[in-house]
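Every number here is computed from the coordinates shown, using simple stated rules; none is lab data. Please read all numbers here as calculations on a predicted model, not as lab measurements. Virtual Cβ from ideal backbone geometry, glycine too; neighbours counted across all protein chains shown.
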Amino acid sequence: MHIDARTLPNGSVLEADLCIVGAGAAGISMALEWIGSRHKVLLLEGGGFEYEPATQDLYRGEIVGLPYYPLQAARLHYFGGTTGHWAGFCSTLDPIDFEKREWVPHSGWPIRREELDPFYVRAQPLLELGPYEYAAADWQRRDPTLVPLPLDPRVVWTKMWQFSRPTRFGSRYRDPVVAAPNLHLYTHANVCELEANDSVTGIQGLRVRTLDGKEHRARAQYYVLACCSIQNARLLLASNRRTPAGLGNEHDLVGRFFMEHIEMPGGQLALAPDAADPKMYGMEFGVTKARGELALNGAVQRERRILNGTVSLEAAAPGEEARSNFQWATPELLAAFREWEAHGRAGPPPAGLPEPPPPGSRLFHLLARQEQAPNPDSRVLLGTERDALDMPRAKLDWRLTQLDWRSFHVFYEVLGRELGRSGGIAWARRGCMKTRALASSTRPAGFTGSAIYMLPAHRCTRPVAP
């Protein structure tokens with residue numbers, strides 16, 4: 001059933017066995033699991049069924065670290081959440097993502113990659129994806145024209161992605177949620193505070209407010225925070241009536257370790273005219289069901305002590321030509337070339353000057369997407385400004401480390417070398433691979449986040465140094 005919280009008498013008390021805060025992909029997915037059970041479930045959504053500027057403005061915040069998207073633009077605040085503008089990209093994590101990597105501070109998860117398989121299988125139909133198959137060979141069997149680039153899999157392998165329609169949870173699952181007699185969906189119900197008990201060992205209720213000035217309470221035996229990462233942290237930090245640092249923040253960890261899916265362009269790739277069609281790596285929005293991206297083998301990551309990531313091949317516009325060898329050359333190499341010319345081109349040209357791709361080559365732009373190293377200084381805090389519900393706005397201090405920059409450089413270096421060994425089929429160009437910038441703490445040109453962020457927001461039972 002559905003009730004607009006603005007229509008309730010002021011001071012109403014909502015009670016259930018389970019209360020889920022947030023009706024985005026996570027909140028709706030969890031609520032669907034309880035349909036038909038004997039338990040009463042509250043699903044609290046701060047927005048309505050459509051985009052509303054006043055509600056969206058509640059997500060506005062302050063950016064004090066690296067440049068980032070406006071916080072109110074990075075997540076949608078209505079039923080269905082950010083699936084409302086999600087592109088539908090889906091893939092699985094890799095085993096190395098869960099490992100304790102001694103060159104990656106604060107790395108390691110208490111679970112293994114294979115433990116997620118049963119949940120991945122259940123998520124496939126929810127996201128309206130194809131079969132639970134993420135190996136390149138699986139898709140090549142389905143379509144023999146999907147041919148991976150002939151690269152050494154001990155160095156570079158093809159990681160597959162599947163594409164949802166994309167599924168808009170708000171429209172796709174609205175009817176089953178509203179029709180379920182044991183699910184009670186309240187829209188325009190913004191949770192502004194988690195009310196702890198006297199001993200601060202549990203939650204005894206939620207303070208719920210509407211933009212028209214009403215205030216309600218929600219009570220349940222169990223609570224789930226299913227807002228986006230920034231808003232989960234904001235809510236915990238703002239629930240400071242009994243603990244000034246916020247709930248679950250005894251060790252100053254709530255809001256820390258903000259991580260993004262970092263993107264960096266890396267030049268161009270030219271495929272010889274007679275090379276196999278790289279259809280496996282192509283993408284046509286709304287049509288493509290799966291595509292491959294290039295990734296470095298875990299053994300290479302360990303050897304080079306870098307982070308995990310992938311590189312996509314984006315086809316150049318029709319008629320676009322590869323840059324000349326002079327455009328790809330480094331300033332030092334270009335200076336050496338001019339010196340060689342000034343001396344009448346005596347002897348061989350400077351070693352390392354890139355050769356232009358052969359005529360008729362097909363051109364692709366390289367774009368790396370990389371994990372971010374866990375960094376306690378990259379964090380969400382509370383700002384001094386308050387929103388229309390009198391809740392402190394979030395303040396984002398996004399920071400990266402030397403490991404993040406170096407990993408991009410090494411990734412492209414290894415990939416370029418491997419492409420060059422592929423029997424003359426592929427050529428990698430330096431392009432935006434600016435070694436100096438990537439080897440320093442300076443923000444390189446073209447670097448950006450992808451508005452795909454995560455932020456641990458759990459209560460730790462043992463102190464961990466930030």
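Here the calculated FRET efficiency for residue 124 and residue 332, from their Cβ-Cβ distance with R0 = 45 Å, stands at 0.35, rounded to the nearest 0.05.
Considering only GluC sites (Glu not before Pro) in DSSP loops that have at most 11 other Cβ atoms within 10 Å, the longest stretch of the chain without any of them is 103-283. Count Lys and Arg as plus one, Asp and Glu as minus one, and take only other residues whose Cβ is under 13 Å from that of residue 4; the net charge is then -2. Taking the C-alpha atoms only, the angle from helix 117-126 to the longest principal axis of the chain is near 80 degrees.
Between residue 93 and residue 195, the FRET efficiency estimated from the beta carbon spacing at R0 = 45 angstrom works out to 0.80. Computing FRET efficiency as 1/(1 + (r/R0)^6) for residue 388 and residue 346, where r is the C-beta to C-beta distance and R0 is 45 Å, gives about 0.05. Per residue, the average separation of C-alpha pairs within less than 8 Å and at least 6 apart gives the chain a relative contact order of 22 percent.
Per-residue extension of 0.36 nm, minus the Cα-Cα distance of residue 132 and residue 339, leaves a gain of 68.8 nm for this segment. Evaluating 6.51 cos²θ - 1.76 cosθ + 1.60 at θ = phi - 60° for every residue in region 300-306, the Karplus couplings come out as 5, 4, 5, 5, 8, 6, 10 Hz, glycine and proline recorded as x. For chymotrypsin sites (Phe, Trp or Tyr not before Pro), the sites in region 65-120 that DSSP calls loop and that have at most 14 other Cβ atoms within 10 Å are 103.
Computed extension length for residue 3-residue 215: 74.8 nm, one decimal, from 0.36 nm per residue of separation with the Cα-Cα distance subtracted.
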